[in-house]
Amino acid sequence: MKKIAALAICLSLSFGLIAAEKRNTLPKPEPGQKIVPAVRAEAPIVIDGQLDESVWKGDAVNGFTQNDPNDGQPATEKTDVWVAYDDQALYIAAFCHDSEPDKISGRVGRRDASLDSDWFMVAVDPYYDKRSGYLFCINPAGSIMDYALSNDVAEDSSWDGVWKSKVRKTEDGWMVEMRIPYNQIRFPKQDEYVWGVNFRRVVMRKNEVSSFSWVPKNEPAFVSRFARLEGIRGISPGRHIEVVPYTVGQGRFRPAESGNPFETGSSFLGNAGFDMKVGLKGNLTLDATVNPDFGQVEVDPAVLNLSAYESYFQEKRPFFIEGSSLFNGFGRGGIYLNAGMNWPNPRLFYSRRIGREPQGYVTQPGFVDYPDRSTILGAAKVTGKLGGWNVGFINSLTAREYAVIDNQGLRSREAVEPFSYYGAFRAQKEIAQGRHGFGVMATGVMRDLDGNPDLSGIMNRNAFSLALDGWSFLDEKRTYVVGGWIGGTRVAGSPLDILRLQYSPTHYFQRPDAGHVAIDSEATSLAGWGGRVQIAKQSGNFLWVVGLGALSPGFNPNDAGFQPSGSDVINMSFLPVYQWTKPGKVFQQAMVGMGGLLNYDFSGNKVAEAAVFIGQGVFRNFWNVNLEVVGFTETLSNRLTRGGPLAASPAGYQGTFVLSTDSRKNFVLETSSSLSGDRQDGAGWSLGGALRWKPNTNASLSIGPRYIKDRSEMQWVTSVGDSLMADTYGRRYIFGRIEQDIVSADIRLDWSLNPRLSIQAYLQPFIAVGRYDRFKELARPKEFAYNLFGDSTSTISLTNGRYTVDPDGSGPAAPFVFGNPNFNVKSLRGTVVLRWEYLPGSLFYLVWTQNRADYAEPGDLRLGRDLGNLLTAPGDNIFMFKLSYRWNM
């Protein structure tokens, strides 16, 4: 507990290193920069979409320029915009003239839904740092979106401001009024202000996007090219304080289990708490929560994962989503042309670690009541801008969790998750209006493992990471940029825990032919470093990006973050791209690129080498096409044997093709397909599609079936010790041929009665079947040399679901046994959510979630039978309501 408190205090003191706010003189206009005047409103402005106030009778700004479809040409429809202000808010009015008003497209959708509709958008940069700001959008039906802007071109839809808007259609267009309170956008206090501002308009029937302050499509910039908003004076940012109390109830219903006192068929839960948001100095916002409800509304999709690494799932809890772009953007500042190119990009902070399912296990027999998530006792975060620094700071405490065991009426409990602290700190400084920048990020996890020997052997006592990132544009026009990051991780725990970590898939220190790593059974900590640097040309028609990255063998961010694959990698990549931004005879716009990548481990073994081709285009009829082809050469794999020696990885190829029709139509079709193969008889293909139907302006239905067929000769099964296998260092590494079939569908229904009341439904049937045969063992490292069981003198037999293998018949090798790995995983997951924003910022949710699963008939796919088994499988039904009320102080 003392260590946790000390860490919280130390991270809090880091704010003392941030420079204080300074009042700057007004910046001078840049050559060619447009000016937008703001007029003080002398009388109240009623937000009704009428534009009948006197403040809207003055001169408007107009003169929009197309981004699409004809980049650089004047907009085909006129747009007039006015800006006003008073002591509390900024006001924007717009008249969107339209030569065919009966064709104005206004779809109804819930907040932040990206609808195929006409739109009017306002972007403001109240700090005038030319890097960040806010974007407010409204369509002719009154549906709204809002975003936080960062890194000049990045948009974060998780930010939800509380602002007012109204639209009204006329005989020759539609009108907009907006009121944006100062306490929602935040800015430093000055006597007079200059802000950045821009306006955009979308005319959907023409696929036309136009901007007031235009930026060519081949120049990756947005906020840095805003117009100047002048004339605002005598106002104050104000203090923003709001409290949102809530109550939640949940009922869970699933079949009772005979004799199990924890599965009686139903259970009920209730809870109450409150969230608080406080505007601090400058643009900082404190979010705190007491007795929080961190259940997510939408279920995670079903996946089949046969790798050694965990699956990544998106964060869906609002507290952690809002403001997450500052953490997620670590290492990407200034670099807009990001290319993965087989780089295992680690996330230093992955918020789904907080409150996840307990990681411990039960050692006693009996029926078990196991918690499905760790209770978050409280959480707080500070995000925003202070003294030219973008800052973010998250703290959270999770409770010690227990599993309750009932053994013939005798109750006991075992700890399965310790009391824990999670923290993350991020600060980023931008220099010369974003031409240069640097930042720092730190994370910490501390667990109270005292008195829990079982947990101390499987969990780290503490884990820390510290990293720096930065970027610098190399020329005045910001065409060339260099950026990247470097940092380190350190975890500590008991010798048993660190030994487990060394054997884990992230590290595989036990590899017998890896001279640069070794098992240390006495170690109580593990440390490593990582980093990546990229140089890019990202303006003009010809673009390119070069990357060099490395993760040392001991690098491990997984306590607070997420790493998709193992460490011990050096990655090099180069991707040149050419883009056409002007319409041609076939394409409205297009891009092609071809590059390559190389991966090595720290012993110098080449573990990946590939050539990459990408092509993207928009046809003149506004159909979209994407093509990606990867050809990889024969290399070595230090992961295939899962801690064993190097194995040969065959040359092969993989290609994907996606084609989608014009999104403006009532029926929109997207098809996707893939094809892959290698020189060791591996092959696969997939075919999928999604049909979206928009029967009217407030509803849409999407059905997306998908079928995947895959065959691999070298699917990991297990390993067994055998001192006779000298060539493979005393172990047998067992593989099999797998034939996989995956049938799934994503079905979504969106129905909005109005922009504040909506119903969404999601359903995912999922069937995955795997059949194994041709079991074999690795005969020699670094070669395609395998001993097939059943050939020569070896034998293999299947009895009662278990395989028995005698690798040399009458020879001295001992037989061994492993389970039949065939599977037939069937899952049906669905959610129905009613969302009602009955007052601005006040919400009512009603949710029904259902899960069904079945595992019968492993290795045998019969679609009709399997669907029948799935639909008749016992269901787990959860009904939940949540009511919150926003109290603005």
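The values are calculated or read from the model by the stated rules, or taken from the named source; none is laboratory data. None of the values given here were measured: they were computed from a predicted structure. Cβ placement follows ideal geometry from the backbone for every residue including glycine, while neighbour counts extend to all protein chains displayed. Areas reflect the complete protein model, heavy atoms only, side chains present, ligands, DNA and RNA absent. Shrake-Rupley method; radii C 1.70, N 1.55, O 1.52, S 1.80 Å.
Rundown of residues vs (1) surrounded by 10 or more Cβ atoms within 10 Å (Cβ to Cβ); (2) out of contact with any Phe, Trp or Tyr (no Cβ under 6 Å at 6 or more places or on another chain); (3) of a type in the set (G, A, S); (4) at pLDDT 95 or above, yes/no style:
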| site | (1), (2), (3), (4) |
| --- | --- |
| M1 | yes, yes, no, no |
| A5 | yes, yes, yes, no |
| F15 | yes, yes, no, no |
| A19 | yes, yes, yes, no |
| L26 | yes, yes, no, no |
| T65 | yes, no, no, yes |
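Hey, can you tell me all the residues within segment 751-790 that are of a type outside the set (K, R), open to solvent by 50 Å² or more (accessible area, probe 1.4 Å) and more than 30 Å from D808 (Cβ to Cβ)?
Matches in segment 751-790: W751, L753, N754, Q760, L763.
Would it be correct to say that A123 is assigned to a strand (DSSP E or B), touching a helix residue (DSSP H, G or I) at 6+ places or on another chain (Cβ under 8 Å) and surrounded by fewer than 23 Cβ atoms within 10 Å (Cβ to Cβ)?
In short, no.
So, F136, is that one in a strand (DSSP E or B), touching an Asp or Glu at 6+ places or on another chain (Cβ under 6 Å), aromatic (F, W, Y) and open to solvent by less than 20 Å² (accessible area, probe 1.4 Å) or not?
In short, yes.
In the set E634, E609, E670, which member is of a type in the set (D, E), open to solvent by 40 Å² or more (accessible area, probe 1.4 Å) and closer than 21 Å to R711 by Cα?
Selected residue: E634, the only one of E634, E609, E670 that is of a type in the set (D, E), open to solvent by 40 Å² or more (accessible area, probe 1.4 Å) and closer than 21 Å to R711 by Cα.
Answer with yes or no whether D559 is over 24 Å from the mean Cα position of the chain (by Cα), of a type in the set (D, E, K, R) and open to solvent by less than 30 Å² (accessible area, probe 1.4 Å).
For D559, the condition - over 24 Å from the mean Cα position of the chain (by Cα), of a type in the set (D, E, K, R) and open to solvent by less than 30 Å² (accessible area, probe 1.4 Å) - is not met.
Within segment 273-283, does at least one residue satisfy the condition of being open to solvent by less than 50 Å² (accessible area, probe 1.4 Å), in contact with a Lys or Arg (Cβ under 6 Å, 6 or more places away or on another chain) and in a strand (DSSP E or B)?
The answer is yes, given that some residue of segment 273-283 is open to solvent by less than 50 Å² (accessible area, probe 1.4 Å), in contact with a Lys or Arg (Cβ under 6 Å, 6 or more places away or on another chain) and in a strand (DSSP E or B).
Run down R461, R435 and say which single residue is open to solvent by 10 Å² or more (accessible area, probe 1.4 Å), over 23 Å from the mean Cα position of the chain (by Cα) and at pLDDT 95 or above.
Unique residue meeting the criteria: R461.
Output the residues belonging to segment 795-815 that are open to solvent by less than 60 Å² (accessible area, probe 1.4 Å) and in contact with a Pro (Cβ under 8 Å, 6 or more places away or on another chain).
Listed by number, the residues that qualify are T804, V805, D806, P807, A813.
Okay, residues lined up against (1) surrounded by 15 or more Cβ atoms within 10 Å (Cβ to Cβ); (2) modelled with pLDDT of 90 or more; (3) touching a helix residue (DSSP H, G or I) at 6+ places or on another chain (Cβ under 8 Å):
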| site | (1), (2), (3) |
| --- | --- |
| F294 | yes, no, yes |
| Q314 | no, no, no |
| N342 | yes, yes, no |
| P346 | yes, yes, no |
| V362 | yes, yes, no |
| F367 | yes, yes, no |
| A379 | yes, yes, yes |
| I394 | yes, yes, yes |
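Just wondering, is there one or more residues in segment 807-815 that are over 30 Å from M276 (Cα atoms), under 26 Å from the mean Cα position of the chain (by Cα) and of a type in the set (G, A, S)?
Looking for residues that are over 30 Å from M276 (Cα atoms), under 26 Å from the mean Cα position of the chain (by Cα) and of a type in the set (G, A, S), one finds none in segment 807-815, hence no.
If you go through segment 867-889, how many residues are over 32 Å from the mean Cα position of the chain (by Cα), open to solvent by less than 50 Å² (accessible area, probe 1.4 Å) and not small (G, A, S)?
The total comes to 1.
Hey, could you check segment 562-575 for residues that are of a type outside the set (D, E) and under 20 Å from V517 (Cα atoms) and say which is nearest to the chain's Cα centre (by Cα)?
So, considering only residues that are of a type outside the set (D, E) and under 20 Å from V517 (Cα atoms), the one nearest to the chain's Cα centre (by Cα) is Q563.
Of everything in segment 479-496, what is within 16 Å of V445 (Cα to Cα) and surrounded by fewer than 22 Cβ atoms within 10 Å (Cβ to Cβ)? Give them in sequence order.
G488, R490, A492, S494
Can you tell me which residues in segment 594-622 are in contact (Cβ under 8 Å) with a residue 40 or more places away in the chain and of a type outside the set (D, E, K, R)?
G595, L597, N599, F602, S603, N605, V607, A608, A610, V612, N621, F622
Out of D727, D710, D741, D722, I need the residue that is surrounded by fewer than 16 Cβ atoms within 10 Å (Cβ to Cβ), under 30 Å from F784 (Cα atoms) and not hydroxyl-bearing (S, T, Y). Which one?
One residue alone meets the criteria, D727.
From (1) among the β-branched types (V, I, T); (2) farther than 22 Å from K164 by Cα; (3) in a strand (DSSP E or B), pick out the condition that doesn't hold for I92.
(2)
Residues of segment 398-432 being touching a helix residue (DSSP H, G or I) at 6+ places or on another chain (Cβ under 8 Å) and either under 18 Å from A463 (Cβ atoms) or surrounded by fewer than 17 Cβ atoms within 10 Å (Cβ to Cβ) (or both), which ones?
Within segment 398-432, E417, P418, Y421, Y422, G423, A424, F425, R426 qualify.
Select from segment 22-77 the residues that are part of a loop (DSSP other than H, G, I, E, B) and β-branched (V, I, T) and write down the one among them that is farthest from S210 (Cα to Cα).
Applying the filter and picking the extreme gives T25.
Among Q589, Q616, which is farther than 28 Å from R732 by Cβ, among the polar types (S, T, N, Q), out of contact with any Phe, Trp or Tyr (no Cβ under 8 Å at 6 or more places or on another chain) and open to solvent by 20 Å² or more (accessible area, probe 1.4 Å)?
Q616
List, please: which pairs have Cβ atoms under 6 Å, are six or more places apart or on different chains, and start with a residue in segment 873-889 that is within 19 Å of T831 (Cβ to Cβ) and of a type outside the set (S, T, Y) and end with one that is part of a loop (DSSP other than H, G, I, E, B) and open to solvent by 30 Å² or more (accessible area, probe 1.4 Å)?
Hits for this filter: P874/P255; D876/R254.
Does segment 512-560 hold any residues that are under 18 Å from N460 (Cα atoms), outside any strand (DSSP E or B) and among the hydrophobic types (A, V, I, L, M, F, W, C), and which are they?
I519, A523, F555, A560
Determine the pairs where a residue that is more than 18 Å from D372 (Cβ to Cβ), located within segment 402-418, has a partner that is open to solvent by 20 Å² or more (accessible area, probe 1.4 Å) with Cβ atoms under 7 Å apart, the partner being 6 or more residues away or on another chain.
N407/Q364; N407/P365; N407/G366; R411/V404; S412/Q364
Select from segment 230-267 the residues that are open to solvent by less than 20 Å² (accessible area, probe 1.4 Å), more than 34 Å from the chain's Cα centre (by Cα) and closer than 30 Å to D152 by Cα and list them in ascending order.
Those that are open to solvent by less than 20 Å² (accessible area, probe 1.4 Å), more than 34 Å from the chain's Cα centre (by Cα) and closer than 30 Å to D152 by Cα: G231, I232, I235.
Go through segment 68-80 and give me each residue that's closer than 30 Å to P44 by Cα and surrounded by fewer than 23 Cβ atoms within 10 Å (Cβ to Cβ).
Residues satisfying the conditions are K78, D80.
Could you tell me whether K429 is under 26 Å from the mean Cα position of the chain (by Cα) and over 22 Å from R352 (Cβ atoms)?
Yes; evaluated as a whole, the condition is true for this residue.
Can T506 be described as within 30 Å of K385 (Cβ to Cβ) and either surrounded by fewer than 16 Cβ atoms within 10 Å (Cβ to Cβ) or β-branched (V, I, T) (or both)?
It is false that T506 is within 30 Å of K385 (Cβ to Cβ) and either surrounded by fewer than 16 Cβ atoms within 10 Å (Cβ to Cβ) or β-branched (V, I, T) (or both).
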